[in-house]
Structure formats: structure tokens, C-alpha cells
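> Before we start, here is the structure in question, set down as C-alpha cells.
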Amino acid sequence: MRGILYMTGLAMVASAAFAQAPAGKPPLPPFLKYQMRAPAPPGNRLVSGRDGAALFSNKCGYCHLVGGMGTNLLTKLRAPDHLSGLLAERTDLKPDYVKYVVRNGYLAMPRISRAEVTNAELDAIARYLAKGNK
């Protein structure tokens, strides 16, 4: 008898839960707008003077644009100070520091070889991220 009452009660609870569920698919969770990286700027990769912003977007964008793993990790590291993890928004970066981290890696970031990012490209990226910080 208890088993029948238990099963009847369970069926009533389940039917009430399904009756309150909205029809159709549930809404998707909010997602960050993923930023697509820029195409590689034209020109000789070994010559300096190329566009640092475009190079940063192309070479570093997979991880360091909005929604990237590097941005998410840096945001968590900088959260106690309420600072953004977006490198392009930082004002405290110095060119030599950027070059050192790129060539040697830091925490979860692997080191980047000169075949992946040439010294001339790295100079332009470092100047872009430093924004005048010497």
C-alpha cells in the first residue's frame, strides 16, 4: 500500500513539474561576444614598422581577445584589484616586459618562438601594448 501511495505521489509531483515547464527549448545562457582576430597584415614579417594592433589581434587574439583563455585567466588573476584581463586595455605594460613574457612564457602562457612571431612583429606588438610606457 505504501508503495502505491509513494508512486502516486511521485507521479503527481513529476506531472506538476512538467506542467509548469515552458513550452519549447529553454533559453541559452548569455555568452560573451567572441572577438574574431584580424587577418595578418600584409608585408615582410622581418621588417619593422608594421601595425602593432593588427599583429596583436592576429598573432595573440586566439587567447588575448574577448572570450580568450588568456583573457579569462588574467581576469581571474587581476580580479582582487578589479582590473581587466584584456591586455589591450592595460596601461602598466612596458615593451621589455611584453617581449620577455612572449619569449619565455608565464604561468599558463607558453613561450612563443621567433618562427611564430618574428622579432620585428614582437617589437610592434610590444609598442602597441605599452602605449608609450617606456
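Each reported figure results from applying straightforward, stated rules to the coordinates on display, with no laboratory input. Everything quoted here is computed from the prediction, not taken from an experiment. Note that we place each Cβ from the backbone using ideal geometry, even for glycine, and neighbour counts take in every protein chain shown.
> Which value, in Å to one decimal place, does the Kirkwood hydrodynamic radius take for segment 52-130 when every pair of different Cα atoms is included?
About 12.6 Å, per the Kirkwood formula over Cα pairs.
> Turning to a different aspect of this structure: Any idea what the dipole of segment 52-130 comes to, in debye rounded to 20, about its Cα centre with Lys/Arg Cβ at +1 and Asp/Glu Cβ at -1?
Using Cβ point charges on Lys, Arg, Asp and Glu, segment 52-130 gives about 140 debye.
> Which Cα, out of Val66, Leu93, Ala108, lies furthest along the positive dipole direction of segment 52-130 (beta carbon charges, K/R +1, D/E -1)?
So the residue furthest toward the plus end is Ala108.
> Sort Asp123, Asp96 so that the residue with the fewest other Cβ atoms within 10 Å of its own Cβ comes first and the one with the most comes last.
Asp96, Asp123
> Still on this structure: Pull out the extension gain between Leu73 and Arg45, defined as 0.36 nm times the separation in residues minus the alpha carbon to alpha carbon distance; nm, one decimal.
Using 0.36 nm per residue and subtracting the Cα-Cα distance, I get 7.1 nm.
> Starting from the Cα of Ser113, step 7 Å along the direction of its Cβ; do the same at Tyr100; then give the gap between the two resulting points in nm.
So the label points at Ser113 and Tyr100 sit 2.5 nm apart.
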